[in-house]
Amino acid sequence: MTPRLIARDFDAAAAQRLTAGGLPAPLARALAARGIASMSDLELTARALAAPAALAHVEAAARLLADAIETGRRLLIVADYDCDGATACAVAVRGLRALGACHVDYLVPNRFEYGYGLSPEIVELAARREPRPDLLITVDNGIASVEGVARAKALGLQVLITDHHLPGERLPDAAVIVNPNQPGCGFPSKHLAGVGVMFYVLAALRAELRRRGRISEATQPRLDELLPLVALGTVADVVRLDHNNRILVAEGLRRIRAGRMQAGLAALFQVAGRSARNAQAADLGFAIGPRINAAGRLSDMSIGIECLLADDAERALDLARQLDALNRERRALEADMQFEAAVELDACALDQKRSITLFNEGWHQGVVGLVAARVKERHHRPTIAFARADATTLRGSGRSIDGVHLRDALDLVTKVAPQVIEKFGGHAMAAGLTLKAERYEAFGRAFEAVLQTSCEAALFQRTIATDGQLAPDDFTLGLLESIERQIWGQGFPPPLFANEFAVLEQRLINDAHLRLTLELDGRRLPAIWFRRSAPLPSRALLAYRLDADDYQGLRRIQLVIEHMG
């Protein structure tokens, strides 16, 4: 589907202020289009973080945890099996131990046996542990665990929920719930990742322990040492990088670049072949996060958590190498599954459809979310890919497009076809669900019908927002380095420019990528289009990002092409 390229609107006065503050004009325009009004909006320092007290019930959580620490109660972290859950678990274990908890352990469900969240089965598993825990603390899950919390209470276990996912119609009857998206919470950042929520709980706990005289400002532990993990989980979970999240990521990256990070994180940078000294948010999202996620997708997320908890460099490197091997296996599986999905879709007429549902008997349920993401990007349709969970059940993972709230769409499916979905959860851009295999076709029809009746047709026409044109003299390392100094990510995307170029040369490399030489008003520019094999016309309107090509110690500008208009 050929996208329509449009230039983002921006506040000209704000762009002028940013330019006067020393930013290159193209970057100033891009930042103004993202709501940056002045240079002060770019000051991403910890003192500008939203106060923990603004997070509903965080002080009650702090009192609960402080009481537990003072009485020597046993704490069990119940984690999720993705990178956000793994980092949140590591932050919880490290932070609670630093704040005086003597008995802290964790439990992470195997996604293939137990599914997602604090289920009754997970509670039963926790209750059978020796020694038996007194308090269960969920991280990155729990807001939908009504039955699991009820079972915990019946077994005499207290539950503290820390989560960021959207709640259902009924909240669990937990001792305390901390979630910026729960009803009545006025926290200014609704986009905290699960690891961010746990970090705030620890900050509130530290303040409570100071009030009780257990620690002082002079003796209190440095929670900022956890910020590299907070940054990793925040970026990897693809939450919106609002101002508060950009501060968390910026502070974490500062410590990573200075070498002040956990041994496991340093080892992951090493096995990924990335420079921690020059770390960017993209390294966390595209190199480090996938290696941790691979453990949850193919094996046991305990490997990822143990890597993040490791303090011994040799052990950390061994665990990082295991994660790297799992990630290579994941990539091979994904490539096969993507090919099979493409073959199936080649036989489909998608022009009139608003959804895509896919199922293959041989697919791995830990990888279907990645298949859905790639198909969604290619065809600009909300996509749900399914794999078999057992002989009678399918488990699906979905990704959506802007303007189509996937969790809400699944909720509508349960209303128009009440017997189709067994359970579901998620948020606007990603969701998961379970259904009986014989109801797969019925689900596809109901999902399509919901999108046909509840969504405007214009949402399904791909439109790419760009930051306008660059002049020939704008292609400089100075502009690129100014861009690299900012924090970019979900909801705050890096600048995407668009120009019409003459295509002077093009050749296919590795049978997969198009290497180009472009010309703009007499200036020749090297470019690459990853995963593109079809040749371009002699002139083309191209949307691109600026990147550096470091070859033989020399750094030069290259364009990374993303779309052709």
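For the reader, a short list of remarks on this structure follows.
- Considering the range 360-465, the qualifying strands (runs of 3 or more DSSP E), each wholly inside and each with 3 or more residues that are closer than 22 Å to GLU334 by Cβ, run over 383-388, 393-399, 430-436.
- Residue within the range 261-272 that is farther than 24 Å from ALA431 by Cα, modelled with pLDDT of 95 or more, among the β-branched types (Val, Ile, Thr) and out of contact with any Asp or Glu (no Cβ under 6 Å at 6 or more places or on another chain) present: no
- The criterion of being hydrophobic (A, V, I, L, M, F, W, C), closer than 16 Å to ALA61 by Cα and either outside the structural domain of TYR81 (by TED's automatic domain parsing) or assigned to a loop (DSSP other than H, G, I, E, B) (or both) does not hold for ALA144.
- Verdict on ARG63 being at pLDDT 95 or above, surrounded by fewer than 24 Cβ atoms within 10 Å (Cβ to Cβ), of a type in the set (D, E, K, R) and under 28 Å from GLY115 (Cα atoms): no
- Hits in the range 266-285 - residues which are closer than 17 Å to ASP324 by Cα and outside any helix (DSSP H, G or I): GLY273, ARG274, SER275
- Subset of the range 76-87 [crowded, with 24+ Cβ neighbours inside 10 Å, of a type outside the set (D, E, K, R) and not in a helix (DSSP H, G or I)]: ILE77, VAL78, ALA79, TYR81
- Members of the range 236-260 that are modelled with pLDDT of 95 or more, outside any helix (DSSP H, G or I) and either assigned by TED's automatic domain parsing to the domain that holds ARG399 or crowded, with 19+ Cβ neighbours inside 10 Å (or both): LEU241
- Strands (runs of 3 or more DSSP E) lying entirely in the range 483-558 (those with 1 or more residues that are touching a residue at least 60 places away in the same chain (Cβ under 8 Å)): 497-509, 539-551
- Restricting GLU130, GLU169, GLU124 to residues that are of a type in the set (Asp, Glu) and outside any loop (DSSP other than H, G, I, E, B) narrows the list to GLU124.
- The residues on offer are ILE561, ILE483, ILE557, and the sole one that is over 25 Å from the mean Cα position of the chain (by Cα) and not basic (Lys, Arg) is ILE557.
- The numbered conditions (1) closer than 22 Å to SER454 by Cα; (2) of a type in the set (Asp, Glu); (3) in contact (Cβ under 8 Å) with a residue 24 or more places away in the chain are all true for GLU377 except (3).
- Filter result (surrounded by fewer than 16 Cβ atoms within 10 Å (Cβ to Cβ) and modelled with pLDDT of 95 or more) within the range 105-120: ASP105
- Any hit, the range 342-359, residues being aliphatic (A, V, I, L, M), in the same structural domain as ALA446 (by TED's automatic domain parsing), out of contact with any helix residue (DSSP H, G or I) (no Cβ under 7 Å at 6 or more places or on another chain) and modelled with pLDDT of 95 or more: no
- Any pair with Cβ under 9 angstrom, 6 or more apart, that starts in the range 113-133 at a residue that is farther than 17 Å from MET301 by Cα and ends at one that is aromatic (Phe, Trp, Tyr): GLU121/TYR114
The values are calculated or read from the model by the stated rules, or taken from the named source; none is laboratory data. Model, not experiment: these values are computed from the prediction. Cβ sites come from the backbone with ideal geometry, for glycine too, and all protein chains shown count toward neighbours.
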